[in-house]
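K.L.:
Please find one structure pasted underneath; my questions will follow.
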Ligand SMILES: C[S@@+](CC[C@H](N)C(=O)[O-])C[C@H]1O[C@@H](n2cnc3c(N)ncnc32)[C@H](O)[C@@H]1O
């Protein structure tokens, strides 16, 4: 339902997975989810912003778009920025950081534009301004202004630290997958926790895929253990927030979630991470090489894996061909009825698995690296 006090909420997506994030927003009952470049817009008020931070697994951060106006030159920006009702959402005692980007606009100097907005906030509201780059755990909130085609859109970053930080993972292995991206890949493969589908990751590193899949199946909220920038905004209502956190029930998943890795340290980390996330009873982590992998008892499910990437771990791509080949052989021989998703940056490595990948792949940009998820149907 749209009300007069609703505004646009922008959910930031991993580029390439906007439509998957949109499907998640739809499934979680947000109003008018629309995929746009770089994210998904929905309509709502502050409680929906809080709920998005708490419940959205795939979003990188949640921005509340609180004002927009035309600004053709800096004096106009200065004047109009002063008219933004800053006190409606910012507190005079909480430091504010301002980040500006300009594109295709007469105002092209982001630094000068930021200085005008900072001054407007400092003089109209009296909040202290932070000028340095943000540091983890530092108090304060960020205002993001985008000046695009002479239209200045002002957003509040309601999340603070990136939402992939669920606050359960202290230990990370080499090249961990971000939880947000892992959840979008799982959803892209049709895994949304509604069907009892076991999930296996035979090169699990710090355990991201099995832990994320177990949380989804149990109905745990991804933001349950962390704090958010919106807790420092004006109008934050701790009672409503506690109500949102307490809503819903956790259900015991009907299947289990499996991770293995040849590295003992990776398995120790996965177990510790699962413990902190509260899913250790539903997950099973074992140390062995991919060639020793056997399918777990029970119904077939989804194998999802990101083996070492050529470039990222500094390994020669050719040297990885036997590993990808062994993965494919093991799965073809022992995983009839299972679907397989292999995520890699190099098409020739995916080919080396000799798995029957179909049309359902997707490519994304992950930390400057282009990676593709290759997906099979049920193996014969
Ligand atoms: C890119 S990392 C996976 C990261 C993981 N998805 C995460 O979120 O932390 C690749 C993993 O493959 C493991 N690995 C490499 N060769 C292996 C093999 N032959 N058998 C099993 N695991 C292997 C490495 O130890 C490493 O943890």
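K.L.:
Nearest 500 deg cm²/dmol is fine: what mean residue ellipticity at 222 nm does the chain get from its DSSP H runs of n ≥ 4 alone, each adding -39,500 (n - 2.57), divided by its residue count? Could you put the intermediate results ahead of the total?
P.N.:
Details: 10 runs with 113 residues, N = 380.
My calculation for the chain gives -9000 deg cm²/dmol from helical runs alone.
K.L.:
Pull out the extension gain between residue 87 and residue 26, defined as 0.36 nm times the separation in residues minus the alpha carbon to alpha carbon distance; nm, one decimal. Present the calculation step by step, with values, prior to reporting the outcome.
P.N.:
On the way: separation 61, 0.36 × 61 = 21.96 nm, distance 3.15 nm.
Using 0.36 nm per residue and subtracting the Cα-Cα distance, I get 18.8 nm.
K.L.:
Something else now. Can you figure out the FRET efficiency of residue 231 with residue 363, using R₀ = 35 Å and their beta-carbon distance, to the nearest 0.05? Could you put the intermediate results ahead of the total?
P.N.:
On the way: r = 36 Å, r/R0 = 1.03.
Efficiency at R0 = 35 Å is approximately 0.45.
K.L.:
Now a separate question. I'd like to compare 30-39, 206-215, 96-105, 337-346: which one has the highest average count of other Cβ atoms within 10 Å, and what's the full order after that? List each step's numbers first, then the result.
P.N.:
Numbers: 30-39: 16.0, 206-215: 28.8, 96-105: 17.6, 337-346: 21.1.
So the peptides 30-39, 206-215, 96-105, 337-346, ranked by packing, come out 206-215, 337-346, 96-105, 30-39.
K.L.:
Per q in 0.12, 0.13, 0.15, 0.20 Å⁻¹, report the Debye log10 I(q)/I(0) for segment 80-227, using one uniform scatterer on each alpha carbon and no solvent.
P.N.:
Once normalised to I(0) and log-transformed, intensities are -0.69, -0.76, -0.86, -1.10.
K.L.:
Tell me the angle of helix 264-277 to the major Cα principal axis of the chain, expressed in degrees between 0 and 90 and rounded to the nearest ten.
P.N.:
The angle comes out at about 50 degrees.
K.L.:
Right, next: What's the percent breakdown of Cα-Cα distances in segment 1-56 across 10 Å bins, shortest bin first?
P.N.:
28, 58, 14, 0
K.L.:
Under a point spin-label approximation (7 Å from Cα along Cα-to-Cβ), what is the residue 122-residue 348 distance to one decimal in nm?
P.N.:
Using points 7 Å along Cα→Cβ, the separation is 5.6 nm.
K.L.:
Continuing with this model, one more query. Assuming 0.36 nm per residue, please report the length gained on full extension of the stretch residue 239 to residue 251 beyond their Cα-Cα distance. Kindly include the intermediate steps, with their values, before the conclusion.
P.N.:
Working: separation 12, 0.36 × 12 = 4.32 nm, distance 2.46 nm.
Working it through step by step, the gained length comes to 1.9 nm.
K.L.:
Please build a GNM for the chain, connecting alpha carbons under 10 Å apart, and tell me which residue among 143, 107, 304 fluctuates the most.
P.N.:
Taking springs between Cα atoms under 10 Å, the residue moving most is 107.
K.L.:
To continue, here is another question. How would you classify segment 1-101 from its alpha-carbon gyration tensor, with a ≥ b ≥ c the square roots of the eigenvalues: rounded for a/c under 1.5, else prolate if a/b is greater than b/c, otherwise oblate?
P.N.:
On the way: a/c = 1.99, a/b = 1.67, b/c = 1.19.
Prolate is the answer for segment 1-101, as a/c is 1.5 or above and a/b outweighs b/c.
K.L.:
While we're on this one: Helix 18-27 against the longest principal axis of the chain: what's the angle in degrees, Cα atoms only, rounded to the nearest 10?
P.N.:
90
K.L.:
Any chance you could check the Cα centroid distance between segment 73-129 and segment 195-243 for me, in angstrom?
P.N.:
33
K.L.:
Less than 15 Å from a label point 7 Å out along the Cα-to-Cβ axis of residue 195: which backbone N atoms in segment 203-225 qualify, by residue?
P.N.:
Answer for segment 203-225: 217.
K.L.:
Moving on. If you line up the long axis of helix 317-334 against the longest principal axis of the chain, both from Cα atoms, how many degrees apart are they, to the nearest 10?
P.N.:
That helix lies at roughly 60 degrees to the long axis.
K.L.:
Please say if the chain is rounded, prolate or oblate, where rounded means a/c under 1.5 for a ≥ b ≥ c the square roots of the C-alpha gyration tensor eigenvalues, and otherwise the choice is prolate for a/b larger than b/c and oblate otherwise?
P.N.:
Working: a/c = 2.28, a/b = 1.86, b/c = 1.23.
Prolate shape, in that a/c is at least 1.5 and a/b is the bigger ratio.
K.L.:
Also, I was wondering about something else. Compute the whole-percent fraction of alpha carbon pairs in segment 178-313 spaced more than 19 Å apart. Write out the running numbers ahead of the final one.
P.N.:
Details: 4945 of 9180 pairs.
Distances greater than 19 Å cover 54 percent of the Cα pairs.
No value in this document is a laboratory result; all are computed from the given coordinates. Values in this document were obtained by computation on a predicted structure and should not be read as measured data. Cβ sites come from the backbone with ideal geometry, for glycine too, and all protein chains shown count toward neighbours.
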